[in-house]
Structures are given as structure tokens and as C-alpha cells.
Amino acid sequence: MSELDVIKNCFLNDTVCRAIQKALRSREHFSVSGLPGSAGAFFISALSFNSDAKFFCILESESTARHFFDDLRELMNVDDVAYYPSLDNGIWSEIGPARTEVGQRISTLGSLIKGKVSVVLTTANALLEKVAEYDDVELYKINLHVGHALIFEQFVKQLVEMGFVREERVDAPGEMSVRGGIVDLFLFDNEHPVRIEFWGDDVESIRLFDVESQRSIEQRSNIEILPLGCAGPYGPIDERTVLDLDLQSSIFDYIADDFILWTENKALLQTIIKDYQRRVEVHFQRLADERHDGQIKYADYFYEAATISRYLDKYPSIDVVPYIQNEDTGTHLGIHENNHYGGNIKLFKQDVVNLLSTSHSTLALACDSDGQRDRMCELLREESFPQDIHIFTFNLSHGFSWPEKGVYLFTVRELYDRVRLHKPNQIEKRSMSFREQLSIKRGDYVVHDDYGIGQFEGLEKIKAYGKVQECLALTYQDSDKLYVPLEKMAQVQKYSSADGMIPTLSKLGSQSWDRLKKRTKKRIREITEDLLKLYATRKMRPGYAFSSDTVWQKELEASFQFEETIDQLSAISDVKKDMQTAQPMDRLICGDVGYGKTEVAVRAAFKAVNDGKQVAVLVPTTILAEQHYTTFSQRLSQYPIHMSVLSRFKTLKQQKRIIEQLGNGGLDIVIGTHRLLSKDVAFKDLGLLIVDEEQRFGVVHKEKLKLLKQTVDTLTLSATPIPRTMHMALMGAKDMSIINSPPHNRIPIKTEVSRFDEQLIREAILREIDRGGQVFFVHNRVQSIYGISAQLNKLIPEANIAVAHGQMKGHQLEKVMLKFIQGEVQVLVCTMIIESGIDMPKANTLIINRADKFGLAQLYQLRGRVGRSDVQAFAYLLVPPMRKLTRDAIKRLQTIQEYSELGSGYKIAMRDLEIRGAGNIFGAEQTGFVNALGYELYTKIIAQTIAEIKQELNVEDKSEQENGFEAKVVCAVDAYIPEDYIASQSERVDIYRRLVKAAKVETVEDIHGELNDRFGAAPACVQNLLDYILVKILATRARLTHVRIRKNVIEGEFDYDSLPAGDTFRSWLTEIIQNAPTNFEIKQSQKTLGFVIKTPPHQSSLNVAKKFLQSIV
């Protein structure tokens, strides 16, 4: 029997548990105290197991409810436990509540209707919120199954009346798309959207599909569609759809009579409910005053607190209270909270030894993950802990001690104060699609490799050489037009630049574009050659080999507050491997702010100090120096390490003292600006140099760094990540580790979209200040930023407010930012400047003015600047009234509101950051080239240049050199995607470009499968297009220079230089003749070898060519 089973059995067999069980059968009310931590979840799972009891649990807050929910999912079958969130402030959002919350509410109501759930958890606030009547939901829900017959048009109409919005493609909950007999639908309560395919009016198939790839992933036999409004508002409160149901019921009306109420301090819950009612009433009054509209009434959406009190008395109940007042109706279980050790392993060991000296004690340590479990096993073994402590993987919110039973359950939270965060369920794990953000749409700027920057005007059908095909129509300077045919579409990319710069259109026929490309290539070549030489030189030099990890190193790593990401662990492993070899390390770590680079640096520094070496951390600004000093001090506070900061904020006397200590070994770690590179600074034994944001240093400082790097292990950190493609190209020129995986288990940022409301702004700022935090107020127009600051000063006179923007002088800006970091400034009114890499853990409220003007990537990066610590962060996106917003802006805001985790949507934010990183990797001046050429072409030129240099140095793989060969295929058949098959132009462009870029037969077959899945069977012209691409790929593999396909004849010619010689040639030709599925004629001259196939009139020449080429490759 495992330790977990032993603990569960203590609850199952406890006399108090059994007495409560008996009392509840008589529908009594019972009070319990002494149930801290996760003990309540164990208690419920025991009662549920013993008697099949069902529970409706009401908790005081969202965080308490979610922790309880996660604990129960660890202890019970996950399908037996459901969470019903409150809409809370989401009900006032200008774009409606977050779709994840609406989805969870609908899902829980659906489970209750089916009787499929044993435990439902909710918050006090959610009880006030009205839902649709049970009978109405039953009446309007749609149950579909394969073979179901219904009128197709009526079904589509019904979905629209329910509130589903028709789109070209489905990317988010609440959207639907109709293509022929296929209906795509994204239900609020599903993890994946569903594709329903009809044959006439019969449901032929029901399939779940992936929102990103749009491909089907799972067959379903049936599906239930509940009305979108069944769980309350799902859009703006003042917008109604045709089938918005009357909200006249409570969540209690869905809770069957056999449920038991579980309340945590019922008296406190009733106070919370009354407070929520008062807050909501104020909101309704403000709404009515603002809009001069008395139509939206409190009673339409919410119950009175007194009504909820009556519901609470209706069910048998267990009330968990701090202490028992009446022993006749209550009991104390005697379970209490564990001590917290703050990382002091020795103190924990002392308690463990004392507890185990008591006979029959069960002592266990629950870890969040297998990796954490393995690390704790190793650490406790090295610290000589008793073997009777059992370590296992079990993600609980808190441990507890039950002395009466001899049970002591600890979690890593008690050991290290680690943050335990809510584990997302299926609905919360929904992925989002970014294909629309990256697709080419009419009006977008594009880059043609040969002709430069143009504007995409759409697709146009052109008939040439007897065939119809679609071309990209591009407009250049002076309204000149360029038509790009299918085979050249791979040369066209969407224009991307740093900070969303708007480019200038190129002039067709001008030489300036070629000159720009040559200039870029020349500069990249110079830098790359320098990098390759440095890399080779460093590999030849001797260096210091650091020793393996010590016990202290393992202790420090185990105390990290968050769970490391895969990329972070990989980077840490790379750095340690480098440090333990006898050559000087020179490694670059790339990753966005908050992705964990500093933790990698802390561990490397600690490793160096453990070997008696000194560490220098070099940063470009005094602000970063102060920030790193704070982080290093906090992480290394448990160890006897001496560190200091050397910057211009220190007096001359202090600077002199620090330099003396560096020379005599009195300092282990020094963090400083370029002052560290001065001639008077000398180290006793420097072992590791950590450089943050090297691209921000000047040329002179970079030359000094270059000299240092030759002998000392160097770790460089960059907050602008670089693309993995560029990383691959630079292998062998620079050692790099990329941290692109977003941090998981950060508290999701509560995001609210609202109009500019002075009362809301005042409340949000004061709430943050009252808890000792700080606020970013982003206003991205320098011209009016001081006006906004004055408005805020008038609104919140008690707050210290300062302004920061990019047009301020360097020392002025630094002064303001430093005041903010030190807490002297509480509200920073600023432009996008906070995007640029300073970590401020106390800033946990973000207000963005005119958020509709920002791109999705910008919004993600801005919001990522808060929510870095273990407190709840808030983001308020201020926008005009919804009717004034574009559809695109609404979709962006819905996406940012729904996906509230720090790492969610990092793909799109990462792309935006990589555009900057692409320039930074070769020095800041390269950003100009990125903006002039566009990100894609710039990275393409880098890859080509490095490949050429490697080829010259004979380090290039031969197969890579041959990648430039491509067969030319001329075919006189209609090959295009008609509008009645795919209506969306951007979808058609996306398919064309993916086909043209395809280098493998499997890729084309995959796209063919996708077309059949998403749009139905492909018409003849689309099949021709697919076959044409296949013939091109096969001809290239067969080393044919060209293939001409006409109505009754196919001609092809081999690349003469690639032909085998002698006997090999004869056997190769014999094999082709034997395998060919059709007769053909060989044509040979002194320097050419080709073939001719005559095709019968009833056969497709394209199809014959495809089969013939398949036989010879």
C-alpha cells in the first residue's frame, strides 16, 4: 500500500468522518474545524468514496476554489469534478466575459443536466449570477449524431440565432463557418472545434479538428450543442441575439436534491455575497447614468443576497469553520498546517527526525513533477535524511499534519515557498490560431526577392500558354503592377519589420533593391567571417575546467520558486557542460524577459564561486545593475557570498573600496556597468564574465570584451530571442542556447476590456497601491502623454505619478525608471518603452489606453511585463465603445482577454521579438537592414551567406550544396483553386505558397488531405494543381532540367552532369526501362539525354507524367 493510500484510509476509517456521513443522511447541517491545506479535499474524496455522496462546494474566492478543484482532481476521477466560475468583472467587459469562463459554466451546466458529475465547485460571487431555466436549455439544445437527418439551411440558421458568428475560418469559440456541405463550429465548452459534414440533409460525419492546422483529429459519433446564453451573458451585456434566453434561474436549480453543500465559513460567504451585490448595483447605476438607458436592470442578471441565503438552507451541509461554537452540531478533526522552512533544509531534517522518532508515523513529501521528485530524492539522500520519508509525485496545494493518526504530508511549498498554480483543464488548454496573423491579405506589404517591396492587391486569373492560373497582383511605386505566377510565389513573403515600421514601395526597374541586398550580404559576410575566426581561436585556447555540481548547487536549484521550462533546463545543461570543459566558454542565451535567463546566470555564477573563482556581471545601464543585484541577492541569500554593485550611483570612495575588494578577493560577485571595463579594475581570480544585452554596448567596450572573452568563461544574455532557423545557420560560428518555451505555472493575468472609465481607473490604481504594488499606465502618444498624466494626478492625488517615454534624454529616463524600481514612483505613465526588457516584479497592474490601436504581439509583450511574481496581476485594456471598433480589433481584444497566461500566444509575440533579435545578433546597426529588406528575406540572405562561407571552408554538407537544383515544368492545363471551392483569398494564397514551397511528395499529399478534410473533394483544376507540384518535385529528384507536358506528348531532359557513368549508367537506364509504367522513347545526343512519351487522347498527360516520374525516382 502506498503512502497516499495510507493517508486516504485514515480519512476513510476515521470515526468523525463516519459520524458526519450518518448525520448527513438525516439531511442535517454539520460544522467541522481543523481541516487546513489539502485536508478538505481528502475529506470530500473519502465521503464520496464511502457513500457515493455528491457535493456542491462554495468557496470564498476564485484562487481558493481553483486550488481545491485541482486537489480534488488529483484525488478523484477528473470527470467527476467540475468548476463553475463567476463571470465577476467580465460581465462589464466591452467585448463580453472571457470565453474560457463562459465555456466552463456551459460545460458544468451540461454535466449537471446529464447527471455526470459528483463534485461541483464554485465561488460565493457566482451564486448571485442568474442562468437560463433548465426547461429552456432542454428545449433549445441540439443533439446531433452521425446519420441524423435535418434540414441543412434550418440548422445553419438555428446556429446563427443561438449567437454563433459566421467567419471564413473558425479560430475561436463562438465562431462558425459554412463551406458547401461542411459546417465548422467552435463551442464554448469544447477544447477543440467540431466539423460536421453533411450529405444533403444527412449528417455524414462529426469530427474534432485542430484550430491551428484546421485538420481533423478525432471522429465523434454525436455532439450536443447548448445555447450560448444558457449560463448567462457571453457577449457585451447590452447586446442581445435572436435566441438569448431569459435568465430566471440559479445554479442551485441545476443542483439535484441529493447533493450536500460544502461551505468554507458560511457566515463569511454571506458577507462576501452582500458585498458583491452592492458592487454590482453600483456598476448597473453607473452604466445607466453613462448610457442614459434604464433598460439594463440588476434583476435581469442577478439575484438578491437574501434569495441565496434561502437556497443555502435548503440542502444538508458541512460548514468548515475556524473553530467550533456548538459541539452538538460540530467537531474538531485536529489536523493542522505544516511549518514553512523557507529553503532551510537542515531545519526540515531536524523536524523529520523528530517526527519519525514517534512510532508508526507516515511521513511523505509530495512533489509537483517527476523531475522535481528526482531532484528532491537526490538532495535528501546527499543530506543524509532518514530513509523513512517517502517522496512521490502528487501535485497538492498544501500539506498538513494529523498527529492523532501519525500522518505528516509535506509539499515543496512548505520547503521552499514555491508557487503552486492552477492546472488548466481541457477548456483552458485550448490552443489558438495565429495563421490569420501571418497570412497575406489584400493591402498587406510584401517582399519579392528580386523586385523588392510591393503591396498585395489580390489574386487575379490569367490565361497564358493555353492554361488558366491565378497570380499574385502586386503594386509598386508609381502604381506599377507585377503579376507573380504560381512557380514564383515562393519568392514573395509578407513584409515584417521591427516595431511595425511602414516601408516605402520599391521602384520596378531600379537597381537600388539589388544594391541594398549586396550591401547587406557584404556586411553579414564580414561579421560572420569574424565570428568563425573567433570561434576557432577560442577552441584552441586552454581554460579553467570547473568541477561537478556540489550539494549546495543542488540545494540552490531545488529552491527555485518556479518549475523550469524544457528550454531553460537545456540552457542550464549547456552552460554547465561548457564550464566543466578546459576551453573558455562563450555562450549566448536568448529569451524574452521573464523566460528565465537570469536564473541560468545565477546558477552559473554560483557554480563559479563554489570553485573559488570571482564573477563579473556586466550590464549596459545602472537600472539593470540594480535589478540584477536584487535578484542575485535574493537567490543567494542563504549562502556566504559577498557581492556588490559598481556603477556611477556609488560615490568615489565606495567605488575605490569595491575595486580594492576585487583585487584582494574580498568580493565574490560584482555587478556593474561599463565602469567594470576601466583600467583601474583588476580581479584577483576572475572565472566567469556574464554580459547582459551586449548589443547595447559601444564599439570600444565591445573590443575590450573581445579580449576578456579569449581567456575567461563568458555567458552573454539577450532579451531579444533569435529565430531557430538563424540559430541553425550560425552553428559552428557561435554557441547558443535559445529559451523560447514560455514559463508555465505563472498566475494567469486577469484581463478586462473596458471603456475609459475614471472610476474604474481610480479603483484599479488604488487597489494596487494599497497592496504595496505599482502600476504601468501605457499611453503611446508622446504629444498627449503629459495631458494624461495631469488627468491622473487630478483623479488620484494621493498617488506618486511620473512620466517616461523614448524621446526623453538618457539620464532623465534612467532617473525616472530607477525611482520606479526603488518604489518612489507608484504609477508610471509611459509609452511602449516598458516593452524593452526591465523586470519589475512589484508592478502588477497594467492599464493600456486605446488598446484597440495595438497589434496582438504588442499587447502580449506589454501584458507580459506584469504578473512576474506570486501575486495576482491585472491588465485593463481601455477602448472606445464596441460599435466603434473594427472586427479585427474586437478579435484581437477577445484573444488577449481569453488567453491570460504569461506564455499563451507566445508564438505571435515571439515572432515579433525575433524580428528584432535577427538584427541584434549581428549588432544593433543590422536592424536597419531588417527593416529595409523585411525579416524573411534578411534571414534568407544570412543563411545563404553562411552556407557560402562554410562551403569555401569545406565544412558544408554536400547535400545542402545541391539544394539549389530545381526542374522547370511547363504544363498546358488549368491549375488553380476556384473561388467556389475556397472563397477566402488569403486562404488560397496560403495554400499556393505552401504548395510551391513543398520539397517532398508527403507534404503535397498532406495538403491534399487537408483540402479534402476542410473543403470537401477537390475539383479537377485543384487536382491538376496538386499533380503539377508533384511532377515538379519528382522531376527535381530525378535530376531533370525540364519537363514539357502538352496534350498528347510529354518531353523531359536529364541534367547531363548528374548522370552516372559506365556500367552504372547502363544498369540505371535498364532499371528505368523495366520500371516504366508506359512506353517511352529515349533521345540522346553527345551532351543530352531525354525521353518522349506519347499519350493516348483519353488519358491525362499530367497524370501519365506523374506515374512515369514516380517509377524512376
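FYI, it's all coordinate maths here, none of it is from the lab. It should be emphasised that the depicted structure is a prediction, and the values quoted were computed from it without experimental measurement. Here the Cβ is made from the backbone with ideal geometry for all residues, glycine too, and neighbour counts use every protein chain on show.
Divide, for the range 142-225, the radius of gyration over alpha carbons by 2.2 N^0.38 Å, where N is the residue count. Write out the running numbers ahead of the final one.
Numbers: Rg = 11.5 Å, N = 84, 2.2 N^0.38 = 11.8 Å.
Normalised by 2.2 N^0.38 Å, the Cα Rg of the range 142-225 equals 0.97.
Considering the Cα positions of the chain, please state its Rg to one decimal place and its Dmax as a whole number of Å.
33.4, 109
Quick check: convex hull over the Cα atoms of the range 750-900, volume per residue in Å³, rounded to an integer? All intermediate terms of the calculation are to be shown ahead of the outcome.
On the way: hull volume 15.9 nm³, N = 151.
Cα-based convex hull of the range 750-900, divided per residue, equals 105 Å³.
What FRET efficiency, computed as 1/(1 + (r/R0)^6) with R0 = 51 Å and r the Cβ-Cβ distance, is obtained for E979 and V282, rounded to the nearest 0.05? Walk me through the numbers before you get to the answer.
Working: r = 53 Å, r/R0 = 1.03.
In this case the efficiency is close to 0.45.
What is the diffusion coefficient of the range 930-1075 in µm²/s, taking the Kirkwood radius over Cα pairs and the Stokes-Einstein relation at 37 °C with a viscosity of 0.692 mPa s? Before the final figure, lay out each step's value.
On the way: Rh = 18.3 Å.
Estimated diffusion coefficient is 179 µm²/s.
Listed highest first by mean packing, meaning other Cβ atoms within 10 Å per residue, what order do 83-96, 1057-1070 come in?
Values: 83-96: 23.6, 1057-1070: 10.6.
The peptides rank, most packed first, as 83-96, 1057-1070.
Of all the Cα-Cα pairs you can form in the range 733-819, what percent are over 19 Å apart? Display every interim value, and only then the final one.
Working: 2121 of 3741 pairs.
So the portion of pairs separated by more than 19 Å is 57 percent.
Please give the per residue volume of the convex hull enclosing the alpha carbon atoms of the range 525-739, rounded to a whole number of Å³. Don't skip to the end; give the middle numbers.
Numbers: hull volume 25.6 nm³, N = 215.
Convex hull of Cα atoms, per residue: 119 Å³.
Send over the semi-axes of the range 345-416's equivalent ellipsoid, whole angstrom and largest first, taken as the square roots of 5 times the C-alpha gyration tensor eigenvalues.
On the way: eigenvalues 67, 45, 20 Å².
Semi-axis lengths for the range 345-416 are 18, 15, 10 Å.
Pop the C-beta distance of Y786 and K997 into the FRET formula with R0 = 35 Å and round what comes out to the nearest 0.05.
On the way: r = 50 Å, r/R0 = 1.42.
So, using R0 = 35 Å, E works out to roughly 0.10.
Could you estimate the translational diffusion coefficient of the range 126-280 from the Stokes-Einstein equation, with Rh from the Kirkwood formula over C-alpha pairs, at 37 °C and 0.692 mPa s, in whole µm²/s? Let's see the in-between values first.
Values: Rh = 17.6 Å.
My calculation gives 186 µm²/s for D.
Please give the contour-minus-distance gain from E1081 to S479: 0.36 nm per residue of separation, less the Cα-Cα distance, rounded to one decimal in nm.
Values: separation 602, 0.36 × 602 = 216.72 nm, distance 4.96 nm.
Taking E1081 through S479 to full extension adds about 211.8 nm, to one decimal.
Rounded to two decimals, what is the ratio between the C-alpha radius of gyration of the range 4-108 and 2.2 N^0.38 Å? Don't jump to the answer; show the numbers that get you there.
Numbers: Rg = 16.2 Å, N = 105, 2.2 N^0.38 = 12.9 Å.
With N residues counted in the range 4-108, Rg over 2.2 N^0.38 Å equals 1.26.
Can you tell me what percent of all Cα-Cα pairs in the range 88-213 are more than 25 Å apart?
31
Let me have the 222 nm mean residue ellipticity of the chain computed from DSSP H runs of 4+ only, each contributing -39500 (n - 2.57), with the sum over all residues rounded to the nearest 500. Numbers along the way, then the final one.
Values: 35 runs with 435 residues, N = 1113.
The helix-only estimate for the chain comes to -12000 deg cm²/dmol at 222 nm.
Could you work out how much longer the chain between F392 and I1072 gets when fully extended? Use 0.36 nm per residue separation minus the Cα distance between them, nm to one decimal. Write out the running numbers ahead of the final one.
Values: separation 680, 0.36 × 680 = 244.80 nm, distance 6.21 nm.
Value of the extension gain: 238.6 nm.
My understanding is that a pair violates if its Cα-Cα distance is over 22 Å; which of K463/K940; K597/K709; K853/K891; K349/K576; K704/K734; K54/K266 do that in this structure? Don't skip to the end; give the middle numbers.
Working: K463/K940 32 Å; K597/K709 20 Å; K853/K891 13 Å; K349/K576 29 Å; K704/K734 19 Å; K54/K266 19 Å.
With Cα atoms farther than 22 Å apart: K463/K940; K349/K576.
Sorted by average packing, counted as other Cβ atoms within 10 angstrom per residue and highest first, what order do 1029-1038, 480-489 take? The partial results should precede the final answer.
Working: 1029-1038: 21.9, 480-489: 16.5.
Listed from highest to lowest mean packing, they are 1029-1038, 480-489.
Out of the DSSP beta bridges found with both residues in the chain, what percent are antiparallel (nearest 5)? Each step should come with its number before you reach the end.
Working: 64 of 155 bridges.
Bridges in the chain are about 40 percent antiparallel.
Defining a contact as two alpha carbons under 8 Å apart and six or more residues distant in sequence, what relative contact order in percent does the range 750-900 show? Please list the in-between numbers first.
Working: 239 pairs, mean separation 50.6, N = 151.
Taking the mean separation of contacting Cα pairs over the length of the range 750-900, I get 33 percent.
Which loop-located trypsin sites (Lys or Arg not before Pro) does the range 1072-1113 contain, where loop means any DSSP state but H, G, I, E or B and the Cβ has at most 13 other Cβ atoms within 10 Å?
Numbers: sites: K1083, K1087, K1094, K1106, K1107; in loops: K1087.
Counting only loop positions with at most 13 other Cβ atoms within 10 Å, the trypsin sites (Lys or Arg not before Pro) in the range 1072-1113 are K1087.
Report, to two decimal places, the Cα Rg of the range 1055-1113 normalised by 2.2 N^0.38 Å (N = number of residues). Numbers along the way, then the final one.
On the way: Rg = 12.6 Å, N = 59, 2.2 N^0.38 = 10.4 Å.
Against the compact-globule rule of thumb, the ratio is 1.22.
Based on the alpha carbon coordinates of the range 202-270, what radius of gyration and maximum Cα-Cα distance (Dmax) apply, in Å?
19.1, 55
What share of Cα pairs, in percent, lie more than 18 angstrom apart in the range 665-718? Provide the component values of the computation, followed by the final result.
On the way: 387 of 1431 pairs.
When all Cα pairs of the range 665-718 are counted, 27 percent exceed 18 Å.
So what's the convex hull volume per residue for the Cα atoms of the range 804-861, in Å³?
Working: hull volume 5.3 nm³, N = 58.
Per-residue hull volume (Cα only) is 92 Å³.
With label points built 7 Å along Cα→Cβ from the Cα atoms of Y465 and K116, find their separation and express it in nm.
5.6
How high is the relative contact order of the chain, given as a whole-number percent (alpha carbon pairs under 8 Å, six or more residues apart)? Could you put the intermediate results ahead of the total?
Values: 2004 pairs, mean separation 109.3, N = 1113.
It comes to 10 percent, rounded to a whole number.
Under a point-charge model restricted to the Cβ atoms of Lys and Arg (+1) and Asp and Glu (-1), what is the dipole moment magnitude of the chain relative to its Cα centre, in debye to the nearest 20?
On the way: 137 positive and 152 negative charges, 890 e Å.
Charge dipole of the chain: 4280 debye, to the nearest 20.
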